[in-house]
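Readers should treat all values here as calculations from the given coordinates under stated rules, not as data from a laboratory. Owing to the predicted nature of the structure, the values given are computational and were not obtained by experimental measurement. Here the Cβ positions follow ideal geometry from the backbone for every residue, glycine too, while neighbour counts run over all protein chains shown.
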Amino acid sequence: MLAPLLAAMLAAQAAPESPAPTAPAANAVVTLDALPIEHAAAARCAVAYATVSRWQKEGDARGEGYPDIEASGGREFFVRVMANLMEETGMGREDIMALSTHAADENESEGGAERVKAMMPACNLMKTAAGL
């Protein structure tokens, strides 16, 4: 499962000092589709990088054909995106974990590898624009 990798990446980032006023209500289920487009797009790419990184670490054939995600800044992109999402929305680590896990599960579903592959050109542009 991708949860341990996501947890390790989230643990490496600093928590925001105080929640933003746009924090979701307690026990609210937040999905990527519920986020503003700029947050949703960045989070989808961050989770795509985490998914491909896991595939590569496990020797899964779906991870072949991609540059080394860890060495090419994919992990750093994930951390920055999730920290920014926490800061700008007031979401907590648990919310981010739930959101990330749900998105990662979609990447593992039927057709997920094809969706990840289709996203990667835009994700690579976004990562480059972030200076990574």
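Can you give me the P(r) profile for the stretch 49-132? Cα pairs, bins 10 angstrom wide beginning at 0, each as a whole percent.
Once binned at 10 Å, the Cα pair distances of the stretch 49-132 give 16, 48, 32, 3.
In what order do Lys117, Lys127 fall by count of nearby beta-carbon atoms within 10 Å, going from fewest to most? Could the numbers behind the result be given before it?
Numbers: Lys117 14, Lys127 23.
Placing the least packed residue first, the sequence is Lys117, Lys127.
When you count, for each residue, the other Cβ atoms within 10 Å and take the mean per peptide, how do 40-52, 65-77, 89-101 rank with the highest first?
Most protected by this proxy first, the peptides run 40-52, 89-101, 65-77.
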